[in-house]
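What follows is a single structure, written as structure tokens, with notes after it.
The values are calculated or read from the model by the stated rules, or taken from the named source; none is laboratory data. Computed from a predicted model, the values in this text were never measured in an experiment. No Cβ is skipped: glycine too gets one built from the backbone with ideal geometry, and neighbour counts run over all protein chains shown.
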Amino acid sequence: MAIKRSSSKSTPPASRQPKKPISGASRVAEKMADTDSLARAFPSNAIKAAEYGRNGALNPPQGQSEEAPSNDVSASTLAEANSNDKTGNPADAGENPNNAPLEKVRVDSAGRALTTNQGVAIADNQNSLKAGLRGPTLLEDFILREKITHFDHERIPERVVHARGSAAHGYFECHEALTDLTMAAPFAEAGKRTPVFVRFSTVAGERGSTDLARDVRGFAVKLYTDQGNWDLVGNNMPIFFIQDAMKFPDLIHAVKPEPHNALPQAASAHDTFWDFASLMPEITHMLMWVMSDRAIPRSYRMMQGFGVHTFRLVNAQGESVFVKFHWNPTAGTHSVVWDEAVKISGADSDFHRRDLWEAIEAGAYPEWELGLQIFTEQQAEKFSFDVLDPTKIVPEELVPVRTVGKMVLNRNPDNFFAETEQVAFCTQHVVPGIDFSNDPLLQGRNFSYHDTQLSRLGGPNFHQLPINASIAQVHNNQRDAMHQQAIPRGRVAYEPNSLGGGCPFQAGKMGFMSFPEPLRDDKLRGKPEKFADHYTQATLFYNSQTPAEQNHIVDAFRFELTKVQTPAIRARMVAGLMNVDNGLASRVAQGLGIGLPEPLPRVLAKPPKPEVTRSPALSLTARPGDGSIRTRCVALLVADGMDGAASQAIHDALTAQGAVAKYIAHRLGSVRPAAGEAIEADATLETAPPVLFDAVVLPSGQAAINALLKNGAAMNFVKEQYQHCKPILALKGANALLAAAGITPRWPDGSADPGLLVVSGQDDATAAKAFVKAIAGHRYFARQMDPSPV
Ligand code: HEM
């Protein structure tokens, strides 16, 4: 649907070719005559009448455009044909090269000398210019001043929220054409690929904060479609804390570090957040999600993404349906446990950033399927909840998720600042075929993103930054402003015009048209009645979790509220939980050492009966993944005197499956097995603590086992792997290490622990196979006891 009058990138039509340099006066006269002739082709504004009335609004005409009699007419200057190494040639007709692929700005310094920003080669990059070897530095040193000045201004403001993040390039591929539902370019035909740039983030922490904070994760996808950029700026949870954009600054002020002492960093476990939360009952459903394991994902690659709001799909006939967007990871949905998250924050606060980077570098490209929940306005009216309320999901049992494509991230950025930091997502970036619903949070977001980016990125031209530029052509009459990168040709910067041949002209029905939703209502501030049901879906979420997941929610509430210093806030919060589930409320109250308060008053005394009271899809266990252990990190503890061949066999078997297996020893260097070749340690117990691994292998060989039994760090490794419910493989004889750590191969209920594999008689290959299966199972939560006996 590209709208272009003439496609002349390489060979402009004869009339557009630059005139040969002829005598100045006659060329000026010719230009004036040609200009007049072009202007005469527009005797009036041919589309003016369409500005009035409903019919015109629904059928905007394409603007009039005429080809100029000569290229000189639209040129800024008759001198444009005089090219040199700097000016290059005149612009190609209808082309904006700012939208070319990123290679246009990618820089490689191989074989080049250092220069100043003016391109002057720098002779000495070690010394400033001085009056004598021991004399003062001279103001004249423009090389020093340029370098220091640029350095002084290297930082830009961090995002006001979602400051901490990591990103990657990739593509979205559509499985089937969805033209019956939407004109959106990515869904035009089966197999069509659209480039994407995806940024994952936490919300509350500052740019340098830990990846493993308990928090919502941002999941922002920029699709560079051939019809312009479409940003699906979502999160890893399908709902939000509040119902109206009016409350967003309050929410963020409550959760961010408190204003008087800037404490705590990247944490909701403090008074102001829970004060606000306990006074805002609509937050309750989201609190269930944020207190669940979803808030501490194992990897960005192992979490879902959601568009959150209800959006519209619009087809070429102008028909619209509602849609909810879901990204489902091929690797499954997996999390860490809270104690682990806390320790990872110390051991490697870049854990998620490193994980994403290393997976892509290793060729293990993360993948998600895109799922759509599609429903009509008529269906939506009958739901027990309001689809415009961003604190509500549409249960998958009510509207199934239809998989329509997949997204693959297969390229790390070249430069963190230029790409990940400068990328600017915005919910109002939509393309024909996608439209908004009246969700009051979405409507507010549509204002907020561009507005904040004006100050973060320093002016209104940040859409020209290479990472933000669309791959679709950009032509409009916007002018000037800070950091303008384009050099628009000609003197016309308004529409309608005749002097520019009418270009760029309005696209008419080929352009973006808002879905003409009929509206007639009072102007007022308020919310629909169904928004007042604050608890039904919170209960649905809690009831849909496995017992282990419910325990984690209880533990998270206990942790957060124990950190709260004001008893009245704790009690108020528990009073809110009484409206979700009595068991939940009493377990949290017990953990806080308080009695059960009266439930908070409900705004809606009798909420509509929900269609669904359990939704298995809401449990993380609903998506175990594809059974692969690619990229899982496994530690093999090693010590002198070990059975080298046995550990080596497991190491090879794991590596063959795509896992990252590492030998961990007391010190770096060679470990001498009882027989065979030395094994080189990859890392030490000190630098690679257990929380950085998904599983552990304990060696056989009596001397090695004896050494590990005497090593507190090694024993702690074994204990923590167990406490964090991870698979453990004890090679022959290594059950002594388990016994010394107080670990029994049985769950508290007496059944065998499938995550704990002890080799006795079987061969290494059988043990390796069973271990791979155990790693794919991720975690064995049935081990957990409160308090833990290990
Ligand atoms: C009225 C409610 C909201 C407002 C006013 C708001 C505002 C903002 C602002 C100002 C930023 C920083 C943007 C930048 O500097 O580039 C941001 C980032 C972000 N917001 Fe929101 N937000 C709201 C709700 C939400 C919701 C409901 C979601 C999820 C559906 C969300 C997802 C994100 C994400 C993923 C980012 C990070 C984008 C990136 O990676 O650069 N926000 N938001």
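The table below gives the values:
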| read-out | value |
| --- | --- |
| Boolean, F425 is within 9 Å of the ligand (Cβ to nearest atom), in a helix (DSSP H, G or I) and either farther than 30 Å from D386 by Cβ or touching a helix residue (DSSP H, G or I) at 6+ places or on another chain (Cβ under 8 Å) (or both) | no |
| Qualifying residues in the stretch 186-234 (those that are in a strand (DSSP E or B) and among the basic types (K, R)) - the one nearest to the ligand (Cβ to nearest atom) | R199 |
| Residue pairs meeting the criteria (Cβ under 8 Å; at least 6 apart or on separate chains; first over 12 Å from V394 (Cα atoms), in the stretch 596-617; second among the acidic types (D, E)) | L604/E529; L604/D533; P607/D533; P608/D533 |
| Check on A277, of a type in the set (G, A, S) and either outside any helix (DSSP H, G or I) or within 14 Å of the ligand (Cβ to nearest atom) (or both) | no |
| Matching entry among M303, M286 (being of a type in the set (A, V, I, L, M), within 13 Å of the ligand (Cβ to nearest atom) and more than 15 Å from the chain's Cα centre (by Cα)) | M286 |
| Where a residue in the stretch 418-447 is without any contact (Cβ under 8 Å) to a residue 40 or more places away in the chain and its partner, wherever it lies, is in a loop (DSSP other than H, G, I, E, B) and within 13 Å of the ligand (Cβ to nearest atom), with Cβ under 8 Å and at least six apart | N446/C426; N446/T427; N446/Q428 |
| Verdict on E495 being within 25 Å of P90 (Cβ to Cβ) and either modelled with pLDDT of 95 or more or within 14 Å of the ligand (Cβ to nearest atom) (or both) | yes |
| Filter result (touching a residue at least 24 places away in the same chain (Cβ under 8 Å) and part of a loop (DSSP other than H, G, I, E, B)) within the stretch 146-160 | I156, P157, E158, R159, V160 |
| Among residues of the stretch 161-185, those that are out of contact with any Gly (no Cβ under 8 Å at 6 or more places or on another chain) and part of a strand (DSSP E or B), counted | 6 |
| Failed criterion for N716 (all others in (1) in a loop (DSSP other than H, G, I, E, B); (2) of a type in the set (S, T, N, Q); (3) touching a residue at least 24 places away in the same chain (Cβ under 8 Å); (4) out of contact with any Gly (no Cβ under 6 Å at 6 or more places or on another chain) hold) | (1) |
| Scope the stretch 432-445; condition closer than 26 Å to M510 by Cα and within 9 Å of the ligand (Cβ to nearest atom); matching residues | L442, Q443 |
| Candidates L279, L251 - the one that is surrounded by fewer than 17 Cβ atoms within 10 Å (Cβ to Cβ) and either acidic (D, E) or closer than 22 Å to V574 by Cα (or both) | L279 |
| Top-ranked residue of the stretch 429-442 - restricted to ones that are part of a loop (DSSP other than H, G, I, E, B) and either among the aliphatic types (A, V, I, L, M) or out of contact with any His (no Cβ under 7 Å at 6 or more places or on another chain) (or both), ranked as surrounded by the most Cβ atoms within 10 Å (Cβ to Cβ) | G433 |
